[in-house]
Structures are given as C-alpha cells and as structure tokens.
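Q: Sharing a structure, written as structure tokens. Questions coming.
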Amino acid sequence: MNYLKTGMLIAAITAIFLGVGAMIGGQQGMIIAFVIAVGMNFFAYWNSDKMVLRMYGAKEVDATTAPEFYKLVGGSCHAGGFANATGLHHGKSAAKRVCDRSEP
C-alpha cells in the first residue's frame, strides 16, 4: 500500500510540473519540466531516508558504542531471518534499523 501512495504522490508532483511547464513554455516547456520532475523524483525516492537521518543527526552505532541498541537491532534481524544488522541511533529512539538479506 505504501508503494501505491508513493507512486501516486510522485505522479501528482510530475503532473503539477508538467502543467506549470506547459503554461510557461508550451510543449517544449512541458518536456523540460518532465525531465526536471523525473530527476527530482528519482533523487527524492532514493535519497529521502538519508536526508531525514542527516537532519536528525543519526549516527551509525556498533556493539561498543551502544550495546543495548545494537543487541535489540541484532535480535530483530536474527528473528526475521536477516543478517548483518546496522543500527542508526539518534538520542533515545532508533532513527533507522537496517537488516541485509545476506546469509549469516
């Protein structure tokens, strides 16, 4: 369901860009706006998680810097059948937990 919502938002942003491009520059403006919209949407889709983590100042932790948090993330990954737990921590709450699908 989240992929559908994300796709709809990306399509709406692209449509707005195309409409504004068409109003400003006609068919050529619409083509330029389409290229800009595709570039911006691609960048936002692939980098939004990193931008949010950077905004909150999240830092990657390991077993020596935050043992309780690292154990929590590792346990969650192990329970889900994942390996290579990486934890990003901001203050008292987890900003992001990442588990790779690689074999242990």
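Values in this text are rule-based calculations from the coordinates and carry no lab data. Quick caveat: nothing in here was measured; it's all calculated off a predicted structure. We place every Cβ from the backbone using ideal geometry, glycine too, and count neighbours over all the protein chains shown.
Q: Neighbour counts of other C-beta atoms within 10 Å: give me Met40, Met30, Met8 arranged from fewest to most. Write down the numbers at each step before the final one.
A: Working: Met40 14, Met30 18, Met8 10.
Ordered by Cβ neighbours within 10 Å, fewest first: Met8, Met40, Met30.
Q: Does the range 1-83 come out rounded, prolate or oblate by the C-alpha gyration tensor, with a ≥ b ≥ c the root eigenvalues, rounded set by a/c under 1.5 and, if not, prolate when a/b is larger than b/c and oblate if not?
A: prolate
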